[in-house]
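First comes the structure, then the notes that go with it.
The values are calculated or read from the model by the stated rules, or taken from the named source; none is laboratory data. A quick note: this is a predicted structure, and the numbers were derived from the prediction, not measured. Glycine also receives a Cβ, built like all others from the backbone with ideal geometry; neighbour counts cover every protein chain displayed. What goes into the accessible areas is simple: the full protein's heavy atoms, side chains included, and nothing from ligands, DNA or RNA. Shrake-Rupley method; radii C 1.70, N 1.55, O 1.52, S 1.80 Å.
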Amino acid sequence: MRLCSIASGSSGNCIYVGTEATHLLVDAGISGKRVEMGLGALNLCGRDIDGILVTHEHSDHIQGLGVLCRRYRIPVYATERTIVEIKACRSLGEIPEELFCPVMADEAFTVKDLTVNPMHISHDAADPVAYRFSYGKKRAAVCTDLGVYNEYTVECLKGMDVLLLEANHDVNMLQVGSYPYYLKQRILGKRGHLSNESSGQLLSRVLHDGLKKVVLGHLSQENNLPELAYETVRLEIEMADNAYRANDFPIQIAKRSEVSELIAF
């Protein structure tokens with residue numbers, strides 16, 4: 001299995017997950033041209049994509065969806081209520097009805113040789129989900145855009161070989177920054193985004209000997225720094241009540257506007 005962040009951040013998100021036979025995107029929140037360029041860096045093109053899994057309808061997750069779907073007839077997997085919101089988004093243009101494939105949280109489905117299992121997340125969207133993937137005994141998850149986590153979240157993310165997890169903001173940077181009060185409250189709220197500290201605390205709950213790689217994603221450009229997210233998450237691991245240390249696991253930061261390292265496992 002392979003995972004690669006084509007773009008990840010508050011300005012646009014697109015993650016590739018695939019095998020030799022199956023190629024999927026989680027979100028298409030950047031321009032179609034940028035998606036194509038990112039796929040090119042992976043020796044792929046739009047025609048190779050077997051499906052786009054949409055987490056929710058916010059623009060930084062669906063910006064390039066219409067162009068890609070019309071050009072390559074790519075199926076769109078999303079929850080029913082997310083599909084309704086996508087159809088209502090005029091900036092995307094019309095997406096052929098037959099391309100929409102409704103999914104439900106905790107109901108697994110297959111795309112060729114990849115099994116996909118959506119999971120509930122807490123975010124201010126119609127019916128948002130994160131996605132887990134399995135191929136034989138290999139497991140991966142892409143989990144961003146959640147204001148809080150709970151025991152359900154922890155159980156869903158246990159046993160992963162590779163985990164891309166949100167570390168959106170530094171709480172202090174956000175609180176003293178230039179965002180208006182209502183936006184700060186939204187981000188800090190239960191349906192907002194995970195802070196660096198919360199990301200590290202959640203990660204500490206799902207660490208295990210088989211975890212091969214952690215990718216921190218969806219970093220805010222205004223309210224976070226890659227090195228700050230990295231060090232804060234590592235500190236939370238060090239402080240957690242478990243047997244692991246931060247150096248036990250390779251942690252990388254997903255790049256905002258560039259293709260990140262391809263992870264093969």
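State whether the range 123-265 is rounded, prolate or oblate according to the following rule on the C-alpha gyration tensor (a ≥ b ≥ c being the square roots of its eigenvalues): a/c under 1.5 gives rounded; otherwise a/b larger than b/c gives prolate, and the remaining case gives oblate. Intermediate results must be reported in sequence, preceding the final value.
On the way: a/c = 1.60, a/b = 1.44, b/c = 1.11.
Prolate, since a/c reaches 1.5 and a/b exceeds b/c.
Toward the positive end of the charge dipole of the chain, about the Cα centre and with charges on Cβ (Lys, Arg +1; Asp, Glu -1), which of S204, T232, G136 goes farthest?
After comparing all options, I get G136.
Leaving ligands, DNA and RNA out of it, rank S199, S257, S91 by accessible area with a 1.4 Å probe, largest first.
S91, S257, S199
With the other protein chains left in place, how much accessible area per residue, in square angstrom, belongs to the range 44-120 at a 1.4 angstrom probe? List each step's numbers first, then the result.
Numbers: 3700 Å² over 77 residues.
On a per-residue basis, 48 Å².
Specify the residue with the greatest mean-square fluctuation among V84, V171, V206, computed from a Gaussian network of the chain linking alpha-carbon atoms under 10 Å apart.
So, out of V84, V171, V206, the one fluctuating most is V84.
Between S198, S178, S59, which gets the highest mean-square fluctuation from a Gaussian network model of the chain, Cα cutoff 10 Å?
Per the Cα network of the chain with a 10 Å cutoff, S178 tops the list.
Note down the relative contact order for the chain as a percent, whole number, built from C-alpha pairs under 8 angstrom at least six residues apart. Provide the component values of the computation, followed by the final result.
Details: 606 pairs, mean separation 51.9, N = 265.
Over the chain, the number comes to 20 percent.
Taking θ as phi - 60°, what are the ³J(HN,Hα) couplings along the range 83-89 by the Karplus curve (6.51, -1.76, 1.60), each to the nearest whole Hz, with x for Gly and Pro?
Whole-Hz 3J(HN,Hα) from phi for the range 83-89: 4, 4, 5, 4, 5, 7, 7.
Which of C89, P118, A105 sits closest to the plus end of the dipole of the chain, meaning its Cα is farthest towards the positive end, when Lys and Arg get +1 and Asp and Glu get -1 on the C-beta?
Among C89, P118, A105, the one farthest towards the positive end of the dipole of the chain is C89.
Cα centroid distance between the range 178-218 and the range 11-48, in Å?
Measuring centre to centre over Cα atoms gives 24 Å.
In debye to the nearest 20, how big a dipole does the range 41-174 give about its Cα centre with +1 on each Lys and Arg Cβ and -1 on each Asp and Glu Cβ?
Working: 13 positive and 20 negative charges, 113 e Å.
Charge dipole, the range 41-174, about its Cα centre: 540 debye, nearest 20.
Would you list, by chain and number, the lysines whose Cα falls below 21 Å from the Cα of K33, excluding same-chain residues fewer than 8 positions away?
Candidates past the 8-residue exclusion: K255.
Can you say what percent of the DSSP beta bridges in the chain, counting only those with both residues inside, are antiparallel? Round to 5. Kindly include the intermediate steps, with their values, before the conclusion.
Numbers: 25 of 47 bridges.
Looking only at bridges with both residues in the chain, the antiparallel portion is about 55 percent.
Counting alpha carbon pairs within less than 8 Å and at least 6 residues apart, what relative contact order, in whole percent, applies to the range 101-194? Intermediate values should be presented prior to the final figure.
Values: 153 pairs, mean separation 24.0, N = 94.
Answer for the range 101-194 is 26 percent.
For the pairs K87/K212; K87/K112; K137/K184, flag any whose C-alpha to C-alpha distance is greater than 30 Å.
Numbers: K87/K212 38 Å; K87/K112 26 Å; K137/K184 41 Å.
Table pairs above 30 Å Cα-Cα are K87/K212; K137/K184.
Under 5 Å between amide H atoms, partner at least 5 residues away or on a different chain: which partners does S122 have, H built in plane at 1.01 Å?
When sequence neighbours closer than 5 places are left aside, the close amide H contacts are G147, V148.
Charges at C-beta only: +1 for Lys and Arg, -1 for Asp and Glu. How large is the resulting dipole of the chain about its Cα centre, in Debye rounded to 20? Kindly include the intermediate steps, with their values, before the conclusion.
Working: 27 positive and 34 negative charges, 95 e Å.
Value, rounded to 20: 460 debye.
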